[in-house]
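Student: Mind looking over this structure? Questions follow.
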Amino acid sequence: MSKYAIAIHGGAGTILKSIMTPEKENQYTQGLKDAIEVGETILKNNGSSLAAVEAAVRSLENNPLFNAGRGAVFTNDGKNEMDASIMRGDTLEAGAVAGIKNVKNPISLARSIMEKSEHVLMCGEGAAKFAKSINTEFADDSYFFVQARFDQLQEAKKTDGVFLDHSGEANAEDNKQKFGTVGAVALDVQGTIAAATSTGGMTNKKFGRAGDSPIIGSGTYANNKTCAISCTGHGEFFIRAVVAYDISCLMEYKGLNLHDACYEVVNKKLVTFGGEGGLIAIDAKGNIDLSFNSEGMYRASKKEGEALFVGIYK
């Protein structure tokens, strides 16, 4: 039997101690701890890595501090459009959803798409139709309304800019460098790894834009032979670099270990063409890597029998 392990992230970017209040820092730290605890409880009781990553991400989706689920940012037309994906490393099965509205926990819908349909990715109205057919929990617009998020939209509209933001603790200029996505990776005692990612996307986004989060191989990937990955960053770059799968390939075909593969992609490949952000990764031996090339990344990890780690800044 393996020793279990889990890691989560709540977004990356220009996250500086100088613009963070102690109160806000405590709230983020607690949010990360709560999510890890939910996932670890499942792993501790011999539950699956798939169930653990789903539960950890649901916890982050339910927390308005993070840009996913309830805390999702607003699109140009004042709506919340969410993306999510999930993958298991033993069978390589995956499920994803893009451009969904009013679904309380998009990550659970992604899992249902994997388990209850023959598809991997569903989008927009069609995804909503499927969600209703399997009694997915919906919530009205008021559930997703977070004043700080709405204020960010008004700021973005002044310049017609699109913000890759994380939260409202800083001014609009800072918010341009924040990447709000949540994710989890885990290894269970059966030796299976899994990954899950969820996001509200970009403030003021238009035209049904989707980033890397719902794209298997770019924002999320899991393979027992190599690793499980959940990304957060400038989605367009992560799509073009096929980040999650690239790390797996470096391990499978070049024989790199988890740390070296993550470093190669995050700190070399992405940097060369301007991609900013980070990721969390785990392999089947329980090694964890929390790589990012930005100023900070909300992150936490826990291995069986070891102390909890929580980090925000570089």
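The values are calculated or read from the model by the stated rules, or taken from the named source; none is laboratory data. Because the structure is predicted, anything quoted here is derived from the model rather than measured. Using ideal geometry, Cβ is built from the backbone for each residue, glycine included, and neighbour counts are taken over all protein chains shown.
Student: Among the residues of the range 264-285, how many are crowded, with 18+ Cβ neighbours inside 10 Å and not charged (D, E, K, R)?
Tutor: Here the count works out to 11.
Student: Report yes if residue 169 is modelled with pLDDT under 90 and in a loop (DSSP other than H, G, I, E, B), otherwise no.
Tutor: Yes: the conditions hold for residue 169.
Student: Mind counting the residues in the range 1-50 that are modelled with pLDDT of 95 or more, within 19 Å of residue 68 (Cα to Cα) and hydrophobic (A, V, I, L, M, F, W, C)?
Tutor: 7
Student: Still on this structure, please answer the following. Taking the stated definitions as given, is residue 247 in contact with a Lys or Arg (Cβ under 7 Å, 6 or more places away or on another chain), in contact (Cβ under 8 Å) with a residue 24 or more places away in the chain and of a type in the set (A, V, I, L, M, F, W, C)?
Tutor: Against the criterion (in contact with a Lys or Arg (Cβ under 7 Å, 6 or more places away or on another chain), in contact (Cβ under 8 Å) with a residue 24 or more places away in the chain and of a type in the set (A, V, I, L, M, F, W, C)), residue 247 does not qualify.
Student: Then there's this: Is it the case that some residue within the range 303-310 is more than 17 Å from residue 37 (Cα to Cα) and modelled with pLDDT of 95 or more?
Tutor: no
Student: Can you tell me which residue within the range 125-140, out of those that are charged (D, E, K, R) and closer than 19 Å to residue 72 by Cβ, is surrounded by the fewest Cβ atoms within 10 Å (Cβ to Cβ)?
Tutor: This residue is 140.
Student: Filter the range 14-26 down to the residues that are assigned to a helix (DSSP H, G or I) and out of contact with any helix residue (DSSP H, G or I) (no Cβ under 7 Å at 6 or more places or on another chain), then identify the one that is surrounded by the fewest Cβ atoms within 10 Å (Cβ to Cβ). Give the steps one after another, and end with the answer.
Tutor: If we filter the range 14-26 for residues that are assigned to a helix (DSSP H, G or I), which is where we start, we get 17-19, 22-26.
Right, trim to out of contact with any helix residue (DSSP H, G or I) (no Cβ under 7 Å at 6 or more places or on another chain) and you get 17-18, 22-26.
Details: 17: 12, 18: 6, 22: 8, 23: 8, 24: 15, 25: 15, 26: 11.
Looking at the filtered set, the residue picked out is 18.
Student: Among the residues of the range 271-289, is there at least one that is farther than 19 Å from residue 13 by Cβ, in contact with an Asp or Glu (Cβ under 6 Å, 6 or more places away or on another chain) and of a type outside the set (A, V, I, L, M, F, W, C)?
Tutor: no
Student: For the range 290-311, enumerate the residues that are touching an Asp or Glu at 6+ places or on another chain (Cβ under 7 Å) and surrounded by fewer than 21 Cβ atoms within 10 Å (Cβ to Cβ).
Tutor: 293
Student: Among the listed residues 21, 41, 29, 14, which satisfies the condition of being within 18 Å of the chain's Cα centre (by Cα) and more than 30 Å from residue 206 (Cα to Cα)?
Tutor: Residue meeting the stated conditions: 29.
Student: Any residue in the range 133-160 that's in contact (Cβ under 8 Å) with a residue 60 or more places away in the chain: show its pairings with residues that are polar (S, T, N, Q) and part of a helix (DSSP H, G or I) at Cβ separation under 7 Å, as long as the two are six or more apart or on different chains.
Tutor: Cβ pairs passing all conditions: 152/175.
Student: Could you please give the count of residues in the range 141-165 that are surrounded by fewer than 18 Cβ atoms within 10 Å (Cβ to Cβ) and β-branched (Val, Ile, Thr)?
Tutor: Qualifying residue count for the region: 2.
Student: Something else about it: Among the helices (runs of 4 or more DSSP H) confined wholly to the range 179-284, which include 2 or more residues that are within 17 Å of the chain's Cα centre (by Cα) and aliphatic (A, V, I, L, M)?
Tutor: In the range 179-284, 243-254 are the helices (runs of 4 or more DSSP H) which contain 2 or more residues that are within 17 Å of the chain's Cα centre (by Cα) and aliphatic (A, V, I, L, M).
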